[in-house]
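Have a look at the structure below before the remarks.
Derivation of every value follows stated rules applied to the coordinates shown; laboratory data play no part. Please read all numbers here as calculations on a predicted model, not as lab measurements. So basically every Cβ, Gly included, is an ideal-geometry build from the backbone, and we count neighbours across all protein chains shown.
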Amino acid sequence: MNMKISMIALDLDGTCLDSRGEMTDRTRKILEKYGKAGTEIVFTTGRPIAGILKELRSIPGTNYAIALNGGLVYQLADNSIIYRKSIDKREVMLVRDIVLRHDALTDVASGGLGIGDKKTYDRAENYIKNDDFRKYYLSSRGSKQNLWENLEELESVEKINMFFSDMDDRRKTLEELKILKTSKVCSGMPNNIEINHGEVNKGNALKWLCEKLDIDISELIAFGDGGNDIDMIKTAGCGVAMANACEELKEISDIITKSNDEDGVAYILERYSLA
């Protein structure tokens, strides 16, 4: 494997972070090596920007980050938004009506900030069983009383997120969401639903960023595990699926590596010529 790597795009949960939500020393060291050599390290996540933690931003080469599945691109030096795609306000209202009929832990992202609905935010343990991920989730979002009844107060909504304890209820919600015309519905985890503007995906955001930085897309290697990584993996010059990835992602990837708990990202990057 001797492709030129000018950018490494990395999903976080289930990809470059292990099951505890942490990056191992082995993965960090290989990313630092690439970053110091001039490679752009771009964390490309469904999380809001607050979810890209300080210890990740300190890795050399992390000048930009893609959040909310590609709804926002950040320049990390000054934490400024350099690219944004918001959900149509009429469709936000349609989603609100659907959300209020179901039992789900819900939040919206507005201007990059995650805001949870207090009624379910205070019962997050019912919807997110992994203690480490739940701790991250609660720490990266505030909560608002009657969020869904007061959506008009928000200037924009870049993403809507739902976590379900009842998978049958999730299935019914997905059916109802088919009414949306200009929004995209996907999933980053088995029990969640994520909604963005229809043109938003990690692949499109990466194309935009590569063009801005004058990087040929063939020099991009991307790593992911979930359904919200499909466009990114298709876009990259080399798309890598983790061993723990969903089957749909594995089917369209160029390489399947080891799992996120086996340093699958490092396993691949160590085998390229720079390493």
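Structure values in brief
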{"quantity": "Options 104, 157, 185, ranked by Cα towards positive dipole end of segment 89-197, top entry (Cβ charges)", "calculated": "185"}
{"quantity": "Assigned charges on the beta-carbon of Lys, Arg, Asp, Glu; segment 1-92 dipole about Cα centre (debye)", "calculated": "140 debye"}
{"quantity": "For segment 166-275, the fraction of alpha-carbon pairs in successive 5 Å shells from zero, as %", "calculated": "2, 12, 18, 18, 19, 14, 8, 5, 2, 1"}
{"quantity": "For segment 89-197, radius of gyration divided by Kirkwood radius, i.e. Rg to Rh on alpha-carbons", "calculated": "0.92"}
{"quantity": "Loop trypsin sites (Lys or Arg not before Pro), segment 105-203, which have at most 13 other Cβ atoms in a 10 Å radius of their Cβ (DSSP)", "calculated": "123, 129, 181"}
{"quantity": "The chain: radius of gyration over Cα atoms, expressed as a fraction of 2.2 N^0.38 Å", "calculated": "0.96"}
